[in-house]
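Just so it is clear, none of the values below were taken in a lab; they were calculated from the coordinates. It should be emphasised that the depicted structure is a prediction, and the values quoted were computed from it without experimental measurement. Every residue, glycine among them, receives a Cβ derived from its backbone with ideal geometry; neighbour counts consider all protein chains shown.
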Amino acid sequence: MIRVIRATLGIVALAPALCLAQKADSASKKKPADPAKLLEKAAALPLFSSRATLEFTLAADFRAISRDRDTLSTKRYPGTIKMAPEAGGTDSLRIPVQLRTRGHFRLLQRNCPFVPLRVEFFKDSVKKTPFDGQSGLKLVTHCRNDDRYEQYVYAEEMVYRVHNLVTPLSFRSRLSSVAYTDTAGKSLGKFPAFFIEDERDVARRNGGKIPELRGALFDDLDAKEGAKFALYEFMIGNTDWSIYALHNVRILASEGARYVPVAYDFDFSGLVNAHYATPDPRLGLRDVRSRLYRGGCTWNDHIPAAAAELLALKPAILAVYDSVPGLHKNSINDAKYYLNEFFKIVADPRELKYSIIDRCKRDPGV
């Protein structure tokens, strides 16, 4: 059950309390879809069935879009995705889309002159294209016309790829190379970007749903999956999350009343190491490269097994950084160095206890 938050969290109590079980019972009255069919459909979506870089042109009125900086805005702007013809074809693909601005930090003009986008598709227009089965997706953009920011795009997409290796309870991504043009046909440049899987498809692949539930505490979530989640965030040096506030976390409700956290949005992680990223000052960290374990103490029994799983995946995780063109050699070496620091911790039982198990949070949530 999601409980009223305790005063120890330093947050005003919510009333009435939100109960996950009650929400699940209400949802169960609806005729359920076949989970196996939903899983098969989500897993087979062509956009995320390939790791090849997707190349396309995105045309829209980017001057108007760039002025839309309201975090509550729902205004949509027409656009067109243009792609090379499919194998054996002669005509280029022209896919009408609608674009929306999104985000918070990256939506501010002083942070990102080029806005992050949400791309919405028309069902009949995407059939037999790489976007078949998609309705709307987040597109992580380059933020600034600067090589350093392009490296951040590659680096964050790598974190998603690593997460996919660690657990199916993760968002898939698709690296893209996007040539932007305005409505007059003027080129705005070509930059890396990546799409993030829709959360409903994450849920379908894992046999569950992602309801909008806030107020979760450590004991409300599956302890085994919670430990894996928190340890992964520690590995990548990410403290920018909250299960209580659903900040950069979604909670998946699966069969058997299991509630598990699913992480996303990693640009403030130490593994990406963006120069603009800073930790919450309340955490007392020097910078985002300083790791801090933020999992609950009630998850501690599962930490050794989760650590062993990650240690066994070390060769595959490090190999991810050799698989993508565009990431500079120094960025690759920096990422591997940072990850190897983590693997040294989990390979040593004393370090594992000191840096993670003994650092767990005794408060009911975070």
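For the reader, a short list of remarks on this structure follows.
- In terms of overall dimensions, the C-alpha atoms belonging to region 40-200 reach 41, 40, 30 Å along their principal axes, ordered largest to smallest.
- Taking all pairs of distinct alpha-carbon atoms in region 128-221, Kirkwood radius in angstrom: 15.6 Å
- Per DSSP, loop chymotrypsin sites (Phe, Trp or Tyr not before Pro) in region 227-266 with at most 12 further Cβ within 10 Å: none
- For region 41-149, size of Cβ-based charge dipole, Lys and Arg +1, Asp and Glu -1, in debye: 420 debye
- GluC sites (Glu not before Pro) within region 181-226: DSSP coil, no more than 11 neighbouring Cβ in 10 Å: Glu212
- For Lys128 and Gln98, the difference between the fully extended length at 0.36 nm per residue and the C-alpha to C-alpha distance is 8.9 nm.
- Ignoring aspartates and glutamates fewer than eight residues from Lys128 along the same chain, the ones with Cα atoms less than 20 angstrom from its Cα are Glu40, Glu55, Glu86, Asp91, Glu120, Glu197, Asp198, Asp201.
- Length gained on full extension, Asp358 to Ala308, computed as 0.36 nm times the residue gap minus the Cα-Cα distance: 16.2 nm.
- Against the chain, whose longest principal axis comes from its Cα atoms, helix 147-166 is set at around 60 degrees.
- Excluding exposed DSSP-loop trypsin sites (Lys or Arg not before Pro) (at most 10 other C-beta within 10 Å), longest clean stretch of the chain: 187-285
- Additional length obtainable on full extension of the chain from Lys41 to Ser290, 0.36 nm per residue less Cα span: 85.6 nm
- In percent, rounded to a whole number, the relative contact order of the chain is 15, using alpha-carbon pairs under 8 Å and six or more apart.
- For region 210-359: span of alpha carbons on each principal axis (Å, largest first): 45, 33, 32
- Pairs from Lys41/Lys138; Lys209/Lys336; Lys41/Lys228 whose Cα-Cα separation, in the structure shown, is over 29 Å: Lys209/Lys336
- Region 210-359 - percent relative contact order, Cα under 8 Å, separation 6 or more: 24 percent
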